[in-house]
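Participant: So that we are looking at the same thing, I have put the structure below in C-alpha coordinates.
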Amino acid sequence: MRRKFLLLLETGLVLAGLLLGASAWKIYSALQQPLNITQEELLDVPNGTTPTGTLKRLEADGLIKDAFWLRVYWRFNLADQPLHSGEYRMVPGMTMQGLIDVWKRGEVVQYSVTLVEGWNFRQVRAALAKDEKLQQTLAGLSDSQVMERLGHSGVFPEGRFFPDTYRFVRGTSDADLLEKAYARLEDVLAKEWAQRATDLPYTQPYQALIMASLVEKETGVPQERGQIAGVFVRRMRLGMLLQTDPTVIYGLGERYTGKLTRAHLKEENPYNTYLIPGLPPTPIAMVGREAIHAALNPVSGNSLYFVARGDGSHVFSDDLESHNNAVREFQLKRRADYRSSPAPGTPDEQVPIPAPSPEVPEQQPAPEPNASEPPSPQ
(Lines give C-alpha, C1' and ligand atoms only; values in the text may rest on other atoms or scores of the structure.)
Protein backbone atom coordinates (compact mmCIF):
# COMPACT_ATOMS: atom_id res chain seq x y z
CA MET A 1 0.00 0.00 0.00
CA ARG A 2 2.79 2.31 0.94
CA ARG A 3 4.64 1.47 -2.24
CA LYS A 4 1.56 2.19 -4.31
CA PHE A 5 1.15 5.58 -2.61
CA LEU A 6 4.75 6.49 -3.33
CA LEU A 7 4.30 5.48 -6.94
CA LEU A 8 1.21 7.65 -7.27
CA LEU A 9 3.00 10.54 -5.60
CA GLU A 10 5.96 10.18 -7.90
CA THR A 11 3.66 10.04 -10.91
CA GLY A 12 1.82 13.16 -9.70
CA LEU A 13 5.06 15.03 -9.27
CA VAL A 14 6.21 14.05 -12.72
CA LEU A 15 2.90 15.16 -14.22
CA ALA A 16 3.02 18.43 -12.26
CA GLY A 17 6.55 19.00 -13.48
CA LEU A 18 5.53 18.31 -17.04
CA LEU A 19 2.56 20.64 -16.66
CA LEU A 20 4.72 23.39 -15.20
CA GLY A 21 7.26 22.87 -17.92
CA ALA A 22 4.59 23.02 -20.58
CA SER A 23 3.13 26.15 -19.00
CA ALA A 24 6.53 27.79 -18.81
CA TRP A 25 7.11 26.97 -22.47
CA LYS A 26 3.70 28.37 -23.40
CA ILE A 27 4.43 31.56 -21.51
CA TYR A 28 7.92 31.85 -23.03
CA SER A 29 6.54 31.30 -26.52
CA ALA A 30 3.80 33.85 -25.95
CA LEU A 31 6.35 36.41 -24.77
CA GLN A 32 8.73 35.82 -27.68
CA GLN A 33 6.07 35.98 -30.39
CA PRO A 34 6.47 39.01 -32.70
CA LEU A 35 3.56 41.39 -32.96
CA ASN A 36 1.50 40.77 -36.08
CA ILE A 37 2.08 44.18 -37.68
CA THR A 38 3.77 45.30 -40.89
CA GLN A 39 4.12 48.99 -40.06
CA GLU A 40 4.34 51.16 -36.98
CA GLU A 41 1.11 51.35 -35.01
CA LEU A 42 0.02 53.09 -31.83
CA LEU A 43 -1.69 51.18 -29.05
CA ASP A 44 -4.10 53.43 -27.16
CA VAL A 45 -4.51 52.52 -23.49
CA PRO A 46 -7.31 54.66 -22.04
CA ASN A 47 -7.29 55.65 -18.40
CA GLY A 48 -8.55 52.80 -16.22
CA THR A 49 -7.71 50.04 -18.71
CA THR A 50 -6.39 46.80 -17.15
CA PRO A 51 -3.57 44.61 -18.53
CA THR A 52 -6.07 41.79 -18.95
CA GLY A 53 -8.37 43.95 -21.04
CA THR A 54 -5.50 45.24 -23.15
CA LEU A 55 -4.16 41.73 -23.85
CA LYS A 56 -7.62 40.49 -24.79
CA ARG A 57 -8.01 43.44 -27.18
CA LEU A 58 -4.65 42.74 -28.81
CA GLU A 59 -5.68 39.14 -29.40
CA ALA A 60 -9.13 40.11 -30.68
CA ASP A 61 -7.48 42.50 -33.15
CA GLY A 62 -5.21 39.70 -34.39
CA LEU A 63 -1.99 41.31 -33.20
CA ILE A 64 -1.03 38.48 -30.81
CA LYS A 65 -1.93 34.92 -29.84
CA ASP A 66 -2.09 33.12 -26.51
CA ALA A 67 -3.32 36.10 -24.50
CA PHE A 68 -4.30 33.65 -21.73
CA TRP A 69 -0.66 32.73 -21.04
CA LEU A 70 0.37 36.37 -21.14
CA ARG A 71 -2.28 37.14 -18.53
CA VAL A 72 -0.91 34.31 -16.37
CA TYR A 73 2.58 35.75 -16.72
CA TRP A 74 1.42 39.25 -15.74
CA ARG A 75 -0.57 37.95 -12.76
CA PHE A 76 2.33 36.04 -11.23
CA ASN A 77 5.21 38.34 -12.19
CA LEU A 78 3.83 41.87 -12.56
CA ALA A 79 0.80 41.99 -10.27
CA ASP A 80 1.96 45.26 -8.71
CA GLN A 81 3.01 46.84 -12.00
CA PRO A 82 0.57 49.57 -13.13
CA LEU A 83 -0.28 49.94 -16.79
CA HIS A 84 0.01 53.66 -17.47
CA SER A 85 -2.60 55.18 -19.72
CA GLY A 86 -1.54 56.75 -23.00
CA GLU A 87 -0.30 55.55 -26.36
CA TYR A 88 2.46 53.02 -26.90
CA ARG A 89 4.46 52.74 -30.10
CA MET A 90 4.51 49.26 -31.68
CA VAL A 91 7.00 48.64 -34.48
CA PRO A 92 7.49 45.70 -36.86
CA GLY A 93 9.72 43.02 -35.30
CA MET A 94 8.78 43.95 -31.74
CA THR A 95 7.97 40.95 -29.57
CA MET A 96 5.32 40.79 -26.90
CA GLN A 97 8.15 40.79 -24.34
CA GLY A 98 9.41 44.02 -25.89
CA LEU A 99 5.96 45.60 -25.67
CA ILE A 100 5.61 44.54 -22.03
CA ASP A 101 9.02 46.09 -21.29
CA VAL A 102 7.77 49.36 -22.82
CA TRP A 103 4.66 49.11 -20.62
CA LYS A 104 6.80 48.52 -17.54
CA ARG A 105 8.89 51.62 -18.28
CA GLY A 106 5.79 53.69 -18.99
CA GLU A 107 7.18 54.83 -22.33
CA VAL A 108 4.01 56.46 -23.60
CA VAL A 109 4.04 58.55 -26.76
CA GLN A 110 4.19 62.23 -25.91
CA TYR A 111 2.88 65.21 -27.84
CA SER A 112 3.44 68.91 -27.30
CA VAL A 113 1.62 72.19 -27.60
CA THR A 114 3.26 75.62 -27.42
CA LEU A 115 1.69 78.65 -25.77
CA VAL A 116 3.44 81.74 -27.10
CA GLU A 117 4.52 84.87 -25.22
CA GLY A 118 2.25 87.76 -26.09
CA TRP A 119 -0.81 85.64 -26.88
CA ASN A 120 -4.12 86.64 -25.36
CA PHE A 121 -6.48 84.12 -23.81
CA ARG A 122 -8.59 83.91 -26.95
CA GLN A 123 -5.53 82.75 -28.88
CA VAL A 124 -4.65 80.25 -26.14
CA ARG A 125 -8.10 78.68 -26.28
CA ALA A 126 -7.99 78.53 -30.08
CA ALA A 127 -4.62 76.72 -30.02
CA LEU A 128 -5.86 74.12 -27.54
CA ALA A 129 -9.17 73.64 -29.33
CA LYS A 130 -7.52 72.68 -32.62
CA ASP A 131 -5.14 70.13 -31.05
CA GLU A 132 -6.69 66.77 -31.88
CA LYS A 133 -4.54 64.92 -29.35
CA LEU A 134 -6.03 66.81 -26.41
CA GLN A 135 -9.31 65.73 -24.89
CA GLN A 136 -11.63 68.69 -25.44
CA THR A 137 -13.63 69.49 -22.31
CA LEU A 138 -13.92 73.28 -22.44
CA ALA A 139 -15.70 73.80 -25.76
CA GLY A 140 -18.73 76.02 -25.46
CA LEU A 141 -17.75 77.41 -22.07
CA SER A 142 -17.27 81.12 -21.48
CA ASP A 143 -13.93 82.35 -20.17
CA SER A 144 -15.37 82.73 -16.68
CA GLN A 145 -16.78 79.20 -16.83
CA VAL A 146 -13.37 77.90 -17.88
CA MET A 147 -11.76 79.50 -14.84
CA GLU A 148 -14.49 78.03 -12.65
CA ARG A 149 -13.82 74.59 -14.15
CA LEU A 150 -10.13 75.05 -13.30
CA GLY A 151 -10.98 75.86 -9.69
CA HIS A 152 -10.26 79.59 -9.95
CA SER A 153 -13.74 81.04 -9.94
CA GLY A 154 -13.81 84.82 -10.25
CA VAL A 155 -10.27 85.10 -11.63
CA PHE A 156 -9.92 86.96 -14.94
CA PRO A 157 -7.95 84.62 -17.25
CA GLU A 158 -5.89 87.10 -19.25
CA GLY A 159 -2.18 86.75 -18.51
CA ARG A 160 -2.73 84.01 -15.92
CA PHE A 161 -1.03 81.21 -17.88
CA PHE A 162 2.67 80.72 -18.47
CA PRO A 163 3.82 80.55 -22.10
CA ASP A 164 5.91 77.47 -22.77
CA THR A 165 5.98 74.18 -24.67
CA TYR A 166 3.96 71.63 -22.73
CA ARG A 167 4.30 67.89 -23.31
CA PHE A 168 1.33 65.61 -22.77
CA VAL A 169 0.02 62.14 -23.52
CA ARG A 170 -3.18 61.22 -25.29
CA GLY A 171 -6.03 61.43 -22.85
CA THR A 172 -4.77 64.66 -21.30
CA SER A 173 -7.54 67.25 -21.34
CA ASP A 174 -7.37 70.89 -22.33
CA ALA A 175 -8.27 71.69 -18.72
CA ASP A 176 -5.34 69.58 -17.46
CA LEU A 177 -2.93 71.53 -19.60
CA LEU A 178 -4.35 74.91 -18.58
CA GLU A 179 -4.09 73.92 -14.91
CA LYS A 180 -0.42 73.15 -15.43
CA ALA A 181 0.18 76.48 -17.20
CA TYR A 182 -1.70 78.37 -14.46
CA ALA A 183 0.35 76.76 -11.69
CA ARG A 184 3.57 77.45 -13.61
CA LEU A 185 2.74 81.16 -13.91
CA GLU A 186 1.95 81.37 -10.20
CA ASP A 187 5.29 79.73 -9.35
CA VAL A 188 7.38 81.93 -11.67
CA LEU A 189 5.66 85.13 -10.54
CA ALA A 190 6.12 84.28 -6.86
CA LYS A 191 9.83 83.56 -7.31
CA GLU A 192 10.45 86.75 -9.29
CA TRP A 193 8.40 88.82 -6.82
CA ALA A 194 10.59 87.55 -3.98
CA GLN A 195 13.67 88.94 -5.78
CA ARG A 196 12.18 92.25 -6.91
CA ALA A 197 13.90 95.61 -6.77
CA THR A 198 12.93 98.16 -4.15
CA ASP A 199 10.83 101.28 -4.64
CA LEU A 200 8.53 99.89 -7.32
CA PRO A 201 5.17 101.53 -8.10
CA TYR A 202 3.14 98.39 -7.42
CA THR A 203 2.21 96.76 -4.16
CA GLN A 204 1.22 93.27 -5.24
CA PRO A 205 2.39 90.64 -7.73
CA TYR A 206 -0.69 91.03 -9.92
CA GLN A 207 0.25 94.64 -10.71
CA ALA A 208 3.73 93.47 -11.69
CA LEU A 209 2.09 90.90 -13.96
CA ILE A 210 0.09 93.69 -15.64
CA MET A 211 3.28 95.70 -16.17
CA ALA A 212 5.04 92.62 -17.54
CA SER A 213 2.29 92.20 -20.13
CA LEU A 214 2.87 95.76 -21.36
CA VAL A 215 6.59 95.08 -21.61
CA GLU A 216 5.91 91.79 -23.44
CA LYS A 217 3.74 93.47 -26.06
CA GLU A 218 5.96 96.51 -26.53
CA THR A 219 9.13 94.78 -27.59
CA GLY A 220 10.32 91.55 -29.13
CA VAL A 221 13.95 92.53 -28.49
CA PRO A 222 15.05 90.76 -25.28
CA GLN A 223 17.67 93.27 -24.21
CA GLU A 224 15.13 96.11 -24.35
CA ARG A 225 12.66 94.66 -21.86
CA GLY A 226 14.35 96.21 -18.85
CA GLN A 227 14.59 99.59 -20.59
CA ILE A 228 10.91 99.54 -21.56
CA ALA A 229 9.98 98.68 -17.98
CA GLY A 230 12.22 101.49 -16.77
CA VAL A 231 10.41 104.03 -18.94
CA PHE A 232 7.00 102.90 -17.70
CA VAL A 233 8.07 102.91 -14.04
CA ARG A 234 9.54 106.41 -14.30
CA ARG A 235 6.40 107.70 -16.02
CA MET A 236 4.24 106.25 -13.26
CA ARG A 237 6.40 107.87 -10.59
CA LEU A 238 6.09 111.25 -12.32
CA GLY A 239 2.35 110.93 -12.79
CA MET A 240 2.64 110.68 -16.58
CA LEU A 241 0.26 108.60 -18.63
CA LEU A 242 1.81 105.36 -19.90
CA GLN A 243 0.48 105.87 -23.44
CA THR A 244 1.22 102.41 -24.78
CA ASP A 245 -0.51 101.30 -27.97
CA PRO A 246 -0.92 97.59 -27.08
CA THR A 247 -3.34 98.46 -24.27
CA VAL A 248 -5.52 100.44 -26.68
CA ILE A 249 -5.43 97.57 -29.14
CA TYR A 250 -6.44 95.13 -26.42
CA GLY A 251 -9.33 97.38 -25.43
CA LEU A 252 -10.57 97.34 -29.02
CA GLY A 253 -10.74 93.54 -28.97
CA GLU A 254 -11.83 92.02 -32.27
CA ARG A 255 -12.58 95.47 -33.65
CA TYR A 256 -8.84 95.98 -34.15
CA THR A 257 -8.01 95.19 -37.78
CA GLY A 258 -4.31 96.01 -37.84
CA LYS A 259 -4.45 99.79 -38.01
CA LEU A 260 -4.56 102.05 -34.98
CA THR A 261 -6.10 105.49 -35.56
CA ARG A 262 -6.22 108.75 -33.63
CA ALA A 263 -9.91 108.09 -33.01
CA HIS A 264 -8.96 104.86 -31.25
CA LEU A 265 -6.56 106.74 -28.99
CA LYS A 266 -9.38 109.07 -27.95
CA GLU A 267 -11.87 106.28 -27.30
CA GLU A 268 -12.70 105.87 -23.64
CA ASN A 269 -12.26 102.38 -22.25
CA PRO A 270 -10.48 101.02 -19.15
CA TYR A 271 -7.50 99.88 -21.23
CA ASN A 272 -6.77 103.15 -23.00
CA THR A 273 -3.58 104.28 -21.28
CA TYR A 274 -3.65 107.47 -23.36
CA LEU A 275 -6.58 108.49 -21.16
CA ILE A 276 -6.44 106.52 -17.90
CA PRO A 277 -3.68 107.00 -15.32
CA GLY A 278 -1.54 104.12 -14.16
CA LEU A 279 -1.86 100.52 -15.17
CA PRO A 280 -4.82 98.99 -17.00
CA PRO A 281 -7.08 96.80 -14.83
CA THR A 282 -5.70 93.45 -16.04
CA PRO A 283 -2.81 92.00 -18.04
CA ILE A 284 -3.26 92.20 -21.80
CA ALA A 285 -1.30 89.07 -22.77
CA MET A 286 0.67 86.08 -21.55
CA VAL A 287 4.17 86.92 -20.37
CA GLY A 288 7.42 85.04 -20.15
CA ARG A 289 9.83 85.00 -17.22
CA GLU A 290 12.02 87.65 -18.86
CA ALA A 291 9.18 90.16 -19.05
CA ILE A 292 8.22 89.48 -15.42
CA HIS A 293 11.83 89.92 -14.36
CA ALA A 294 12.05 93.20 -16.28
CA ALA A 295 8.87 94.53 -14.68
CA LEU A 296 10.27 93.75 -11.24
CA ASN A 297 13.82 94.87 -12.02
CA PRO A 298 13.53 97.83 -14.41
CA VAL A 299 16.69 99.33 -15.84
CA SER A 300 17.56 102.67 -14.23
CA GLY A 301 18.05 105.78 -16.33
CA ASN A 302 16.42 109.01 -17.40
CA SER A 303 14.50 108.06 -20.54
CA LEU A 304 10.78 108.81 -20.49
CA TYR A 305 9.92 108.10 -24.11
CA PHE A 306 10.58 105.50 -26.78
CA VAL A 307 9.61 105.07 -30.40
CA ALA A 308 9.90 102.07 -32.69
CA ARG A 309 12.68 102.24 -35.27
CA GLY A 310 10.84 99.96 -37.65
CA ASP A 311 13.12 96.94 -37.24
CA GLY A 312 11.67 95.79 -33.91
CA SER A 313 13.98 97.90 -31.73
CA HIS A 314 13.36 101.34 -30.21
CA VAL A 315 14.92 104.74 -29.78
CA PHE A 316 14.81 105.93 -26.17
CA SER A 317 14.68 109.65 -25.32
CA ASP A 318 15.04 111.61 -22.11
CA ASP A 319 13.02 114.63 -23.17
CA LEU A 320 10.06 115.47 -25.36
CA GLU A 321 12.05 117.36 -27.99
CA SER A 322 14.38 114.41 -28.61
CA HIS A 323 11.40 112.08 -28.71
CA ASN A 324 9.56 114.19 -31.29
CA ASN A 325 12.69 114.23 -33.46
CA ALA A 326 12.81 110.42 -33.26
CA VAL A 327 9.11 110.26 -34.15
CA ARG A 328 9.71 112.37 -37.24
CA GLU A 329 12.66 110.22 -38.29
CA PHE A 330 11.30 106.75 -37.65
CA GLN A 331 7.50 107.10 -37.68
CA LEU A 332 6.61 109.80 -40.16
CA LYS A 333 9.07 108.50 -42.77
CA ARG A 334 8.41 104.79 -42.46
CA ARG A 335 10.33 102.31 -44.54
CA ALA A 336 8.49 99.79 -46.69
CA ASP A 337 9.55 96.96 -44.35
CA TYR A 338 8.61 98.88 -41.21
CA ARG A 339 7.38 96.93 -38.22
CA SER A 340 6.90 98.00 -34.64
CA SER A 341 7.95 96.20 -31.52
CA PRO A 342 5.80 93.04 -31.50
CA ALA A 343 7.20 89.91 -33.07
CA PRO A 344 7.01 89.52 -36.86
CA GLY A 345 3.59 88.47 -38.05
CA THR A 346 1.67 90.60 -35.56
CA PRO A 347 2.63 94.18 -36.46
CA ASP A 348 0.61 96.38 -34.16
CA GLU A 349 0.84 99.58 -36.15
CA GLN A 350 1.65 102.56 -34.00
CA VAL A 351 0.36 106.07 -34.46
CA PRO A 352 2.89 108.80 -33.68
CA ILE A 353 1.47 111.52 -31.48
CA PRO A 354 3.36 113.84 -29.17
CA ALA A 355 3.83 112.41 -25.69
CA PRO A 356 2.48 114.47 -22.81
CA SER A 357 4.65 116.92 -21.03
CA PRO A 358 5.75 115.88 -17.52
CA GLU A 359 3.58 118.66 -16.07
CA VAL A 360 0.63 116.27 -15.89
CA PRO A 361 -1.20 116.42 -12.51
CA GLU A 362 0.03 113.91 -9.97
CA GLN A 363 -1.22 110.46 -10.91
CA GLN A 364 -3.52 108.53 -8.62
CA PRO A 365 -2.10 105.25 -7.27
CA ALA A 366 -2.37 102.31 -9.66
CA PRO A 367 -5.86 100.87 -9.28
CA GLU A 368 -6.22 97.69 -7.33
CA PRO A 369 -7.12 95.08 -9.96
CA ASN A 370 -10.54 93.51 -9.62
CA ALA A 371 -9.83 90.20 -11.25
CA SER A 372 -13.31 88.86 -10.71
CA GLU A 373 -15.19 91.54 -12.60
CA PRO A 374 -12.75 93.34 -14.93
CA PRO A 375 -14.00 95.77 -17.52
CA SER A 376 -14.74 93.86 -20.69
CA PRO A 377 -11.91 94.05 -23.24
CA GLN A 378 -14.37 93.55 -26.07
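The values are calculated or read from the model by the stated rules, or taken from the named source; none is laboratory data. Just so we're clear, the structure is a prediction, and the values are computed from it rather than from any experiment. In this analysis, Cβ positions are derived from the backbone assuming ideal geometry, glycine residues included, and neighbour counts consider all displayed protein chains.
Participant: Looking at TYR111, is it under 18 Å from GLY86 (Cα atoms), aromatic (Phe, Trp, Tyr), free of Cβ contacts under 8 Å to residues at least 60 places away in the same chain and outside any loop (DSSP other than H, G, I, E, B)? Walk me through it before giving the result.
Facilitator: On the way: under 18 Å from GLY86 (Cα atoms): yes; aromatic (Phe, Trp, Tyr): yes; free of Cβ contacts under 8 Å to residues at least 60 places away in the same chain: yes; outside any loop (DSSP other than H, G, I, E, B): yes.
It is true that TYR111 is under 18 Å from GLY86 (Cα atoms), aromatic (Phe, Trp, Tyr), free of Cβ contacts under 8 Å to residues at least 60 places away in the same chain and outside any loop (DSSP other than H, G, I, E, B).
Participant: Yes or no: segment 92-107 includes at least one residue that is assigned to a strand (DSSP E or B), modelled with pLDDT of 95 or more and touching a helix residue (DSSP H, G or I) at 6+ places or on another chain (Cβ under 8 Å).
Facilitator: For segment 92-107, residues assigned to a strand (DSSP E or B), modelled with pLDDT of 95 or more and touching a helix residue (DSSP H, G or I) at 6+ places or on another chain (Cβ under 8 Å): present.
Participant: Tally up the residues in segment 65-94 that are small (Gly, Ala, Ser) and more than 35 Å from the chain's Cα centre (by Cα), please. Outline the logic, then answer.
Facilitator: Of the residues in segment 65-94, the ones small (Gly, Ala, Ser) are 67, 79, 85-86, 93.
Those still in the list that are more than 35 Å from the chain's Cα centre (by Cα) too: 67, 79, 93.
Qualifying residue count for the region: 3.
Participant: Quick check on THR114: is it touching a strand residue (DSSP E or B) at 6+ places or on another chain (Cβ under 7 Å), crowded, with 20+ Cβ neighbours inside 10 Å and either closer than 29 Å to ALA295 by Cβ or not hydrophobic (A, V, I, L, M, F, W, C) (or both)?
Facilitator: Values: touching a strand residue (DSSP E or B) at 6+ places or on another chain (Cβ under 7 Å): yes; crowded, with 20+ Cβ neighbours inside 10 Å: no; either closer than 29 Å to ALA295 by Cβ or not hydrophobic (A, V, I, L, M, F, W, C) (or both): yes.
Here the answer is no, as THR114 does not meet what is asked.
Participant: Output the residue which, of all residues in segment 28-83 that are aliphatic (A, V, I, L, M) and part of a helix (DSSP H, G or I), is surrounded by the fewest Cβ atoms within 10 Å (Cβ to Cβ).
Facilitator: Filtering segment 28-83 down to residues aliphatic (A, V, I, L, M) leaves 30-31, 35, 37, 42-43, 45, 55, 58, 60, 63-64, 67, 70, 72, 78-79, 83.
Narrowing further to those that are part of a helix (DSSP H, G or I): 30-31, 55, 58, 60, 67, 70, 72.
Working: ALA30: 22, LEU31: 17, LEU55: 23, LEU58: 20, ALA60: 10, ALA67: 19, LEU70: 27, VAL72: 15.
Only one residue fits best here, namely ALA60.
Participant: Oh, and also: Can you find even one residue in segment 121-131 that is in the same structural domain as ARG167 (by TED's automatic domain parsing), acidic (Asp, Glu) and either closer than 24 Å to VAL169 by Cα or outside any helix (DSSP H, G or I) (or both)? Lay out the reasoning, then the answer.
Facilitator: Restricting attention to segment 121-131, the residues satisfying the condition of being in the same structural domain as ARG167 (by TED's automatic domain parsing) are 121-131.
Next, from what is left, pick out any that are acidic (Asp, Glu): 131.
Retained after the next criterion (residues that are either closer than 24 Å to VAL169 by Cα or outside any helix (DSSP H, G or I) (or both)): 131.
Yes, some residue in segment 121-131 is in the same structural domain as ARG167 (by TED's automatic domain parsing), acidic (Asp, Glu) and either closer than 24 Å to VAL169 by Cα or outside any helix (DSSP H, G or I) (or both).
Participant: Would you check which residues across segment 154-185 are among the basic types (Lys, Arg) and in contact (Cβ under 8 Å) with a residue 24 or more places away in the chain and list them?
Facilitator: Our first condition is that a residue be among the basic types (Lys, Arg); within segment 154-185, this holds for 160, 167, 170, 180, 184.
ARG160, ARG167, ARG170, listed by residue number.
Participant: Restricting to segment 41-74, count the residues that are acidic (Asp, Glu) and over 20 Å from GLY171 (Cβ atoms). Break it down into steps so the answer makes sense when it comes.
Facilitator: Taking segment 41-74 as the starting set, the residues that turn out to be acidic (Asp, Glu) are 41, 44, 59, 61, 66.
With over 20 Å from GLY171 (Cβ atoms) added as a condition, the list becomes 59, 66.
Qualifying residue count for the region: 2.
Participant: Conditions: (1) in the same structural domain as VAL169 (by TED's automatic domain parsing); (2) at negative phi. HIS84 meets all but one. Number of the miss?
Facilitator: Single failed check for HIS84: (1).
Participant: Kindly indicate the residue of segment 117-137 that is surrounded by 17 or more Cβ atoms within 10 Å (Cβ to Cβ) and out of contact with any strand residue (DSSP E or B) (no Cβ under 8 Å at 6 or more places or on another chain) and also farthest from GLY220 (Cα to Cα) among those meeting that condition.
Facilitator: ARG125
Quick grid of which residues meet (1) charged (D, E, K, R); (2) surrounded by fewer than 18 Cβ atoms within 10 Å (Cβ to Cβ); (3) touching a Gly at 6+ places or on another chain (Cβ under 7 Å):
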position: PHE232; (1), (2), (3): no, no, no
position: GLU268; (1), (2), (3): yes, yes, no
position: THR273; (1), (2), (3): no, no, no
position: ALA294; (1), (2), (3): no, no, yes
position: PHE306; (1), (2), (3): no, no, no
position: ARG309; (1), (2), (3): yes, no, no
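Participant: Now for a separate question. Examine segment 177-196 for a residue that is closer than 30 Å to LEU42 by Cα, surrounded by 13 or more Cβ atoms within 10 Å (Cβ to Cβ) and of a type in the set (D, E, K, R), and state whether such a residue exists.
Facilitator: Narrowing segment 177-196 to residues closer than 30 Å to LEU42 by Cα: 177-181.
In the following step, the residues that additionally are surrounded by 13 or more Cβ atoms within 10 Å (Cβ to Cβ) were identified as 177-181.
Next, only the ones that are of a type in the set (D, E, K, R) stay: 179-180.
For segment 177-196, residues closer than 30 Å to LEU42 by Cα, surrounded by 13 or more Cβ atoms within 10 Å (Cβ to Cβ) and of a type in the set (D, E, K, R): present.
Participant: What do you reckon, is ALA291 in contact with an Asp or Glu (Cβ under 7 Å, 6 or more places away or on another chain), modelled with pLDDT of 95 or more and under 22 Å from LEU200 (Cα atoms)? Can you show your working first?
Facilitator: Details: in contact with an Asp or Glu (Cβ under 7 Å, 6 or more places away or on another chain): yes; modelled with pLDDT of 95 or more: yes; under 22 Å from LEU200 (Cα atoms): yes.
Against the criterion (in contact with an Asp or Glu (Cβ under 7 Å, 6 or more places away or on another chain), modelled with pLDDT of 95 or more and under 22 Å from LEU200 (Cα atoms)), ALA291 qualifies.
Participant: Also: Confirm whether SER173 is closer than 17 Å to VAL109 by Cα, more than 11 Å from the chain's Cα centre (by Cα) and surrounded by fewer than 17 Cβ atoms within 10 Å (Cβ to Cβ).
Facilitator: Numbers: closer than 17 Å to VAL109 by Cα: yes; more than 11 Å from the chain's Cα centre (by Cα): yes; surrounded by fewer than 17 Cβ atoms within 10 Å (Cβ to Cβ): yes.
Yes, satisfied.
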